[in-house]
Each structure stands twice: as C-alpha cells, then as structure tokens.
Amino acid sequence: MSISADFEEILPGRDKHVVLYDRDQTILLVLRHLLKKLGFSVSVVSDPAKGMSLITAEQPQLLIWSLHRQPDIDFHMLQEVQRLDSRPYVILVSTPETLSVDAPINTLESGDVFIKPFEPSHLMRRIRYLLKQQKI
C-alpha cells in the first residue's frame, strides 16, 4: 500500500471541512475533537446567523446542526442551506420533543437525524460510512 493510501485510511476526512452548530459547548468540544481525529478541518458555531455566514463563505462538505427550541430559526437557516449551489451533507441532531411530527423542519431534506442523547461513536461510525460511500 502506498503512503498516501495509508494516510487516507488514517485520516479519511482529510481535505474535508465540517461546520458544527450547537449551543452545548461540551458536545461541540467532543465532536470537534473526534472529527479532527478523522482529519476534518472543523469550524464550530453557536450562533445561527454566524453559522450561515460561515457555511456560505467556507462551503463545507458536512454540516452537523443541532435543532433547538427555536424551530423557526433552525427551519429558515436550513432552508437557506438547501438553496446553496454547493450544498453540504446535513446531519441533524435533535431531542424527540424538538422533532415533533408537525414541526416544519420535517419538510426539509437532511441526510441523517440523530436523537439526543446519542453516543458520539455512532455518529463517527456514520460519518466514516458516508466518507467511504463518497457522500461527503
């Protein structure tokens, strides 16, 4: 196996960018650490408006967006993301209450949904699969 092929196996997220949005600093720190171990460059935001500016400017391949109790803000931000020419793969993170059946957020396309609480290792396993399938 070549050195570059070994490097890709060790850092499958190399040359990929991810934006994390959550208000929970602990979750952000854990996910940032794990994603960096996969080789991703990671931007962390806790303000939706700054998140949209960052997504527009940096055009990440992956967006991990935590839904909160302000569904209108999340809905409008994710609508904007879907309008982008270079649209990232979206993984939503939510509590069961936030993702109720009648929530407008359910009308939007997302790649995956993880319900809190979840094991970060499950999310990392899913991201590795997406990388292997070249979806991100």
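Suppose we filter segment 50-71 for residues that are under 12 Å from LEU20 (Cα atoms) and touching a strand residue (DSSP E or B) at 6+ places or on another chain (Cβ under 7 Å); how many remain?
The total comes to 11.
Do you know which residues across segment 16-31 are of a type in the set (A, V, I, L, M, F, W, C) and assigned to a strand (DSSP E or B)?
VAL18, VAL19, LEU20, listed by residue number.
Which condition from (1) modelled with pLDDT under 75; (2) assigned to a loop (DSSP other than H, G, I, E, B); (3) closer than 19 Å to ILE136 by Cα is the one that GLY13 breaks?
Only one criterion is unmet by GLY13, namely (1).
Say we look at segment 32-75 and pick out the residues that are in a helix (DSSP H, G or I) and among the β-branched types (Val, Ile, Thr); which of these is surrounded by the most Cβ atoms within 10 Å (Cβ to Cβ)?
ILE55
Checking the structure you have, find out if any residue of segment 97-107 is in contact with a strand residue (DSSP E or B) (Cβ under 6 Å, 6 or more places away or on another chain) and either at pLDDT 85 or above or not in a helix (DSSP H, G or I) (or both).
no
Within segment 41-51, count every residue that is within 13 Å of the chain's Cα centre (by Cα) and of a type outside the set (Ser, Thr, Tyr).
Adding up the residues that qualify gives 4.
Return only the number of the condition from (1) in contact with an Asp or Glu (Cβ under 7 Å, 6 or more places away or on another chain); (2) free of Cβ contacts under 8 Å to residues at least 12 places away in the same chain that ARG14 does not satisfy.
So the condition that ARG14 fails would be (2).
The values are calculated or read from the model by the stated rules, or taken from the named source; none is laboratory data. These numbers come from a predicted model, not from an experiment. Because the Cβ atoms are built from the backbone with ideal geometry, glycine has one as well, and the counts that use them run over all protein chains shown.
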